[in-house]
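Note sheet for the following structure.
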Amino acid sequence: MLRLFVGVDVPYNAELDALMKLVKSSGADIKPVEPENMHITLLFIGEVEERALTDVKQAVSSVSFPKFTLRLAGLGAFPNPFRPRVVWVGVREGVEELRSIHEQLRRNLIARGVRPEDEKEFSPHLTLARVKGAVGTLPQLIVKYQDYEVGTKEVSSIKLFKSTLTPKGPIYEVLMEVKASDRGRGAEKDKANSG
């Protein structure tokens, strides 16, 4: 079985690093996301049989979107700042574009007989850390930094990732990248030897 999701890479910048240091200094019992694993999930597909991978790739490559800008700002938490389990940075610009890609992915996958696990309402965010126990001063930090600017990023492609869970945390492997196209058709680039 393959554990798959589609996402957008987010480069780890100085602002994210500063936020991560703040979160770590809160005394909360957290598991930070590795800098190289920073991404915004567009759709968590879940566990898929190896033989369905071709269908998944076709569904992802059928998505079309123009280049657009993401603006990341504001610290937040699920389910809420006072009972934080997942600490995240919000998306202030580019939400509609992300939502459009999410909807296309869902539609394309279901049309090919692949039902994504992700049934929750789509709420784009960049996960910074997961809280495993004590919350320390995290709730106060989240409220204080709810408007903190992280910066912008141009989205010029989306990626299909394979996630392998290990005791040290997940390992992500890019199986495929679909580039934005101003002509409305995604140009597909398959990663060599992705099997």
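All of the numbers you see were taken from the coordinates with simple rules; none came from a lab. In this text the structure is predicted, and so the values were computed from the model without any measurement. All Cβ positions, glycine included, derive from the backbone under ideal geometry; neighbour counts span all protein chains shown.
Quick one: in region 124-161, which of the residues that are of a type in the set (S, T, N, Q) and in a loop (DSSP other than H, G, I, E, B) is farthest from the chain's Cα centre (by Cα)?
T137
Starting from region 148-166, take each residue that is closer than 24 Å to K57 by Cα and list its partners that are aromatic (F, W, Y), counting only C-beta distances under 6 angstrom and pairs at least six apart or across chains.
From residues that are closer than 24 Å to K57 by Cα, the pairs are V155/F68; F161/F5; F161/Y172; S163/Y172.
Inside region 6-32, can you point out the residues that are assigned to a loop (DSSP other than H, G, I, E, B), of a type in the set (A, V, I, L, M) and within 30 Å of Q58 (Cβ to Cβ)?
V10
Could you please let me know if E36 is of a type outside the set (S, T, N, Q) and either loosely packed, with under 15 Cβ neighbours inside 10 Å or free of Cβ contacts under 8 Å to residues at least 24 places away in the same chain (or both)?
Answer is yes for this residue.
When you scan region 80-90, do you find a residue that is in contact with a Pro (Cβ under 7 Å, 6 or more places away or on another chain), under 30 Å from S26 (Cα atoms) and touching a residue at least 60 places away in the same chain (Cβ under 8 Å), even just one?
Taking every residue of region 80-90 in turn, at least one turns out to be in contact with a Pro (Cβ under 7 Å, 6 or more places away or on another chain), under 30 Å from S26 (Cα atoms) and touching a residue at least 60 places away in the same chain (Cβ under 8 Å).
For region 74-85, give me the residue count where each residue is surrounded by fewer than 19 Cβ atoms within 10 Å (Cβ to Cβ) and either basic (K, R) or touching a Gly at 6+ places or on another chain (Cβ under 9 Å) (or both).
The number of residues fulfilling the criteria is 3.
Rundown of residues vs (1) among the hydrophobic types (A, V, I, L, M, F, W, C); (2) over 24 Å from P167 (Cα atoms), yes/no style:
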site	(1), (2)
F44	yes, no
E49	no, no
A52	yes, yes
L70	yes, yes
I101	yes, yes
E119	no, yes
L126	yes, no
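What's the number of the condition T69 fails, among (1) on the phi < 0 side of the Ramachandran plot; (2) part of a strand (DSSP E or B); (3) crowded, with 16+ Cβ neighbours inside 10 Å?
Checking T69 against (1) on the phi < 0 side of the Ramachandran plot; (2) part of a strand (DSSP E or B); (3) crowded, with 16+ Cβ neighbours inside 10 Å, the one that fails is (3).
What do you reckon, is A59 free of Cβ contacts under 8 Å to residues at least 60 places away in the same chain and within 27 Å of P167 (Cα to Cα)?
Here the answer is no, as A59 does not meet what is asked.
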